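Q: The following block contains the structure, expressed as structure tokens.
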Amino acid sequence: MSELYCVRLLVEGVDDCHVTIHVLTGNNVNSFRVKDCNGYSNVKDLFKAELKASDSARIGIIVDADGETGIGGPEPRWESLKHLLGECGYKDLPAEMPQEGLIAVGGEKPVGLWLMPDNTSMGMLEHFMAELVPEGDRLWDRACQSVNGIPEPDRRFKPQAKPKAEVHTWLAWQEEPGTPLGLAVKKKYFDPSAPTAQAFVNWVNRLLAVEVPE
């Protein structure tokens, strides 16, 4: 398979990379490559570099709506990335981030944008993962109760990191405790057929379906 006919997906970190790989391959999507940008601050520069690269026909950007800061949310991040796309020649962008994910054409290559977890909510990768916990899983409720039951003086994590504490507490109680997020998707601890995962997969498939300029 030639990368020229793939989508190059830019993500913020290693967990994002492996989750993306296993959610997509778990849904029979294989025409993609993932690049770990090692932090949101590097995404913009690497995006501009990918526009000039000869081995990718489409580009997808996958970033947290608010990251670890817990400040802002999808609106300011969308405005920042919309400005970036405008600088790179993409016009007629919507005023708000589309709930189904952005697909933009008119620049050098078709571009997609997905804000974790669902394009409209404040959050990060772990909010997305929480939506992939199998429906009715009783250990998930216990994990959340366990984290919420920690007295405030004893909580060593920041308030915005509580979703991470919940997800990793739940993972600590699986058949192989402490399994990394991506591998946990592959092992089917998480459900890649969950509606939130399917919305993400649909966005990638829509991007793959966009005709590439000659």
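The values are calculated or read from the model by the stated rules, or taken from the named source; none is laboratory data. In this text the structure is predicted, and so the values were computed from the model without any measurement. We place every Cβ from the backbone using ideal geometry, glycine too, and count neighbours over all the protein chains shown.
Q: Test Leu183 against the criterion of being in contact with a strand residue (DSSP E or B) (Cβ under 6 Å, 6 or more places away or on another chain) and among the hydrophobic types (A, V, I, L, M, F, W, C), and give yes or no. Quick ask: steps written out before the conclusion?
A: Numbers: in contact with a strand residue (DSSP E or B) (Cβ under 6 Å, 6 or more places away or on another chain): no; among the hydrophobic types (A, V, I, L, M, F, W, C): yes.
Here the answer is no, as Leu183 does not meet what is asked.
Yes/no per residue for (1) at pLDDT below 95; (2) over 30 Å from Gly101 (Cα atoms); (3) under 22 Å from the mean Cα position of the chain (by Cα):
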{"site": "Leu139", "(1), (2), (3)": "no, yes, no"}
{"site": "Val147", "(1), (2), (3)": "no, yes, no"}
{"site": "Pro159", "(1), (2), (3)": "yes, no, yes"}
{"site": "Ala165", "(1), (2), (3)": "no, no, yes"}
{"site": "Trp170", "(1), (2), (3)": "no, no, yes"}
{"site": "Glu175", "(1), (2), (3)": "no, yes, no"}
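Q: Moving on. I want to confirm something. Restricting to region 1-39 and keeping residues that are assigned to a helix (DSSP H, G or I), of a type outside the set (Phe, Trp, Tyr) and modelled with pLDDT under 95, which single residue is surrounded by the most Cβ atoms within 10 Å (Cβ to Cβ)? Spell out how you get there, then give the answer.
A: Going through region 1-39, the residues assigned to a helix (DSSP H, G or I) turn out to be 3-5, 14-25.
Now restrict to residues that are of a type outside the set (Phe, Trp, Tyr): 3-4, 14-25.
Then drop every residue that is not modelled with pLDDT under 95, which leaves 3-4.
Details: Glu3: 15, Leu4: 11.
Selected residue: Glu3.
Q: If you don't mind, another one. For region 195-211, state whether one or more residues are surrounded by fewer than 19 Cβ atoms within 10 Å (Cβ to Cβ), assigned to a loop (DSSP other than H, G, I, E, B) and either touching a Phe, Trp or Tyr at 6+ places or on another chain (Cβ under 6 Å) or among the β-branched types (Val, Ile, Thr) (or both).
A: Within region 195-211, one or more residues are surrounded by fewer than 19 Cβ atoms within 10 Å (Cβ to Cβ), assigned to a loop (DSSP other than H, G, I, E, B) and either touching a Phe, Trp or Tyr at 6+ places or on another chain (Cβ under 6 Å) or among the β-branched types (Val, Ile, Thr) (or both).
Q: Taking helices (runs of 4 or more DSSP H) that do not extend beyond region 40-157, which have at least 1 residues that are closer than 22 Å to Ala194 by Cβ and not β-branched (Val, Ile, Thr)? It would help to see each step written out before you state the result.
A: On the way: elements: 43-52, 74-87, 125-130, 138-148.
Filter on region 40-157 gives 74-87, 125-130, 138-148.
Q: Another question, if that's okay. Starting from residues that are of a type outside the set (Phe, Trp, Tyr) and in contact (Cβ under 8 Å) with a residue 24 or more places away in the chain, keep the ones in region 40-51 and report whichever is surrounded by the fewest Cβ atoms within 10 Å (Cβ to Cβ).
A: Lys48
Q: Still on this structure, please answer the following. Name the single residue, out of those in region 158-178 being out of contact with any Gly (no Cβ under 8 Å at 6 or more places or on another chain) and part of a loop (DSSP other than H, G, I, E, B), that is surrounded by the fewest Cβ atoms within 10 Å (Cβ to Cβ).
A: Glu175
Q: Let me ask something else. In region 92-128, how many are surrounded by 23 or more Cβ atoms within 10 Å (Cβ to Cβ) and either over 19 Å from Val11 (Cβ atoms) or not hydrophobic (A, V, I, L, M, F, W, C) (or both)?
A: Number of matching residues: 3.
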